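First the structure, in the form of structure tokens, and then the observations on it.
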Amino acid sequence: MELLTSKKFILPKVFFITERSEIKDIPIGIPFIIGSLSIKNVLIRVLEYEVLYQRALLSGYPFNFKQILLDNGYLDIKDLDYTFGTAPRIEFSSENYLENEELDLSKPLYECNRAFTEYVKDSSCYVDIEKLKQLNVFPIWLTDNIEKAITTNIHNYASFDYNLYNKKLEGVYGALELKSPGKNLIIIDISSSIPKAVSTTCLALAKNLSESFYADLLITGSKSILYHYENIYELNVETIYEMGMNNDQSYFKKLLTSEEKIYNTAIVFGDNDHPGHAWSGRDKKISDTDGKKLCKWKIDKLISFHTKGTDDLAGYSRWFSPKQEERVSDWVKYLNK
Amino acid sequence: MFLKSKDLKLVNGGYLVTKDDTPVFNEEFVSLQQHAEYIITFAKLAKGKDFVGKPADSIESLQTQVKELLYSTKNTVFIASPTVVGRPVTESLKLEALAFLDFQDSLSDTTKINAFLQQFKLLAEFEEFGLFFTEDVVKLNRIYTMKEVINAVTSTIKLLN
């Protein structure tokens, strides 16, 4: 456990932990992020961006966030234009390479294990973390008021799970009938049509979301891989792009149709690309109606984060039949407009 | 020659000498004394300085405040509002969380102070046991003690790099 700190400026007080067992060491209400040690610097960068963005908003004046990033020393930012179905090739130097790391510039970047660290530098858009915090599914931090954040987290902690499942104490308290708390689901689309700043931010926070929200994590690119909450430690976001950045029907369909699963809430990050399209030669076009018939996963509530607004649902949620639906707007700020 | 702290003094404008006025020198000791002098002077001058500043007051807020005070109509209270329900559990959890943060801050400062002070190990050893000096001439402004160095570092750890 350590406090995340920045060399650039003061960050909100957020503790960084790498193991589920460390949650016990942190008092209720204290903001924390769970993640792999290897992406600690990425998480610090996410927090730094948030501080700068909030400061700019506070000024009340229009601002150019990209210029603000440059002015604050982020000289490595890149505009990663994304094109449907193709992964961008990015020129990057061999500087800072580990000695044993292979550098093959003939391959697209996503096939290289530096893809994640390069995509983090995408400045074509900014993910408004505030929108994620408003879900109240993980302990929040505030850039200027730790006391308020603590109070909010204490309240959310009590109301977060109606079964009063207490992860810190590893027990179920308060319910008359002992039953397992319902799991949740998070789907992150990392295909090439998703801006890299969006997919990397979601991936950087993926472990934290899964751990705090008691959720399984499904990542879709050229394949779909499901990480159960119990095995979330197996997720390595730094190599995740190696699965390919096309879209997927076959793996996704196999997951959703092979086994019945019941989830309380599904949070889905994506765009219009959906599993009904025939993405590869072996796929067939599947309508949403047929997809819903095939899907064995039951979802109570769906929260859709579509990169382009609220007119459509995030594509990989289209086969679900939720009882409630919420569409989150304005969570991606496009900086090239 | 092996000298303890009580065996050293400065004479005639800062020459480092033994009790019997023999000029002595130890390169590392002298260098640490000069470093200590910088830190102690830095701490002295940093005292009372505000490196953060404060946000300016808003003239608009002041105008609003004046208008509210002079022109707003207030309802007459006929029945007193019920007392707000206390939330001792939330409050105690909050206090526990804030105390944890204070503890982490102190822990972090202590770790940084100890790490910073490692460079003065030789000075601490000199005070505890003594050091070997050779016969040579050197001038110092003062002989600083570990206690002075610790106080200076503790008061300015957030500023020291």
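Look through A:Phe116, A:Phe65, A:Phe84 and report the one residue that is among the aromatic types (Phe, Trp, Tyr), at pLDDT 50 or above and closer than 30 Å to A:Ser280 by Cα.
The match here is A:Phe116.
Does A:Asp271 qualify as being surrounded by 14 or more Cβ atoms within 10 Å (Cβ to Cβ) and either among the basic types (Lys, Arg) or closer than 18 Å to A:Leu218 by Cα (or both)?
yes
Need at least 1 residues that are farther than 27 Å from A:Ile10 by Cα and within 14 Å of chain A (Cβ to nearest Cβ) per element, so show me which helices (runs of 4 or more DSSP H) inside the range B:52-160 make the cut, counting only ones lying wholly within it.
B:59-71, B:88-117
Do we have any residue at all in the range B:10-18 that's assigned to a strand (DSSP E or B) and exposed (fewer than 12 other Cβ atoms within 10 Å of the Cβ)?
Yes, the range B:10-18 has at least one match.
Quick check: anything in the range A:9-22 more than 14 Å from chain B (Cβ to nearest Cβ), outside any helix (DSSP H, G or I) and either of a type outside the set (D, E, K, R) or in contact with a Phe, Trp or Tyr (Cβ under 6 Å, 6 or more places away or on another chain) (or both)?
The answer is yes; a qualifying residue exists.
With the condition kept exactly as written, say whether any residue in the range B:125-135 is modelled with pLDDT under 95, among the aliphatic types (A, V, I, L, M) and surrounded by fewer than 16 Cβ atoms within 10 Å (Cβ to Cβ).
For the range B:125-135, residues modelled with pLDDT under 95, among the aliphatic types (A, V, I, L, M) and surrounded by fewer than 16 Cβ atoms within 10 Å (Cβ to Cβ): absent.
Kindly indicate which of A:Lys301, A:Lys296, A:Lys254 is under 15 Å from A:Ser224 (Cα atoms) and of a type in the set (Lys, Arg).
Result: A:Lys254 is the single residue among A:Lys301, A:Lys296, A:Lys254 that is under 15 Å from A:Ser224 (Cα atoms) and of a type in the set (Lys, Arg).
Among the numbered criteria (1) crowded, with 21+ Cβ neighbours inside 10 Å; (2) modelled with pLDDT under 95, which one does A:His277 miss?
It is condition (1) that A:His277 fails.
When you check A:Ile33 against the structure, is it touching a strand residue (DSSP E or B) at 6+ places or on another chain (Cβ under 6 Å) and more than 12 Å from chain B (Cβ to nearest Cβ), yes or no?
Criteria met by A:Ile33.
The values are calculated or read from the model by the stated rules, or taken from the named source; none is laboratory data. None of the values given here were measured: they were computed from a predicted structure. Because the Cβ atoms are built from the backbone with ideal geometry, glycine has one as well, and the counts that use them run over all protein chains shown.
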